[in-house]
Amino acid sequence: MKQSVLTIVLVALSYLAYGRGDINYEHKAIQKTLEKNLSLVNPQLSELDLPANYATGIEGKFFNVACDNTDAEIKYMYIGRVNSCRAGGCSMPSALTQGGESEYFDYLMAFNGKGEVIMVKVFNYQATHGHEVTAKGWLKQFIGYNNGGNELEVGKNIDSISGATISVNGITQDISDKTQIISDFLNRS
């Protein structure tokens, strides 16, 4: 009995200490992606100054990307979070009432100067299901997307993944929404 009470207390304390937390915009995987995957020399991120109406409801930030290589394709980056569901599904009453928060994953999306997606990478996966959305091969299907006519539709132009429906739909919708924001921003500039 004592041991089970102690275990419950330790789990509760670790959740409070390490709980969901904020997005780590300085995560080591971000720097590694900029330097190794995108071949940037001395990459620097500065938060993009978006009008207030763009920032409403966004769980993430947009950045200008500067670097020492003048031929770098990447000009903007979005780093954000997609909420998922706890094991058992979103429809389970306990998923939202007991424990309170959904699971999540953090990702980055790189854009060129025209607002086209040039890379998507999940760098912090904190969900129990749907990890298949972290696969490079699956994420490549977003490359070239620019919100200029074609809608992203799971099962039509975005592959669905059995067992990862909520994660697939969540990241697909988030990529569509954030690409629309960067497109609107560029058209206003």
Exercise for the section: Of all residues in segment 1-35, count the ones that are at pLDDT 90 or above and of a type in the set (A, V, I, L, M). Expected result: 4
Practice task
Kindly establish whether residue 38 is surrounded by 10 or more Cβ atoms within 10 Å (Cβ to Cβ) and either on the phi > 0 side of the Ramachandran plot or modelled with pLDDT of 90 or more (or both).
Solution key: yes
Problem - Residue list for segment 153-189, filter: touching a residue at least 24 places away in the same chain (Cβ under 8 Å) and either of a type in the set (A, V, I, L, M) or assigned to a loop (DSSP other than H, G, I, E, B) (or both) - result: 161, 163, 164, 166, 168, 171, 175, 181, 182, 186
Completion exercise
Residue pairs qualifying under the 6 Å Cβ cut-off, at least six apart or on distinct chains, with the first in segment 136-152 being among the β-branched types (Val, Ile, Thr) and the second being surrounded by 12 or more Cβ atoms within 10 Å (Cβ to Cβ), are 143/117
Exercise for the section: Check segment 140-147 and report whether any residue there is in contact with a Phe, Trp or Tyr (Cβ under 9 Å, 6 or more places away or on another chain) and in a loop (DSSP other than H, G, I, E, B). Expected result: yes
Completion exercise
Apart from one, (1) of a type outside the set (Ser, Thr, Tyr); (2) surrounded by fewer than 17 Cβ atoms within 10 Å (Cβ to Cβ); (3) at pLDDT below 90; (4) within 23 Å of residue 50 (Cα to Cα) all hold for residue 147; the odd one out is (2)
Handout entry: Cβ pairs under 9 Å, 6+ apart, first in segment 62-77 and assigned to a loop (DSSP other than H, G, I, E, B), second of a type in the set (Ser, Thr, Tyr)
Key = 69/39; 72/39
Fill in the blank from the handout: Residue count, segment 47-103, condition at pLDDT 90 or above, within 15 Å of the chain's Cα centre (by Cα) and small (Gly, Ala, Ser), comes to 2
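The values are calculated or read from the model by the stated rules, or taken from the named source; none is laboratory data. Computed from a predicted structure; not experimentally measured. Note: ideal-geometry Cβ built from the backbone for every residue, glycine included; neighbour counts use all protein chains shown.
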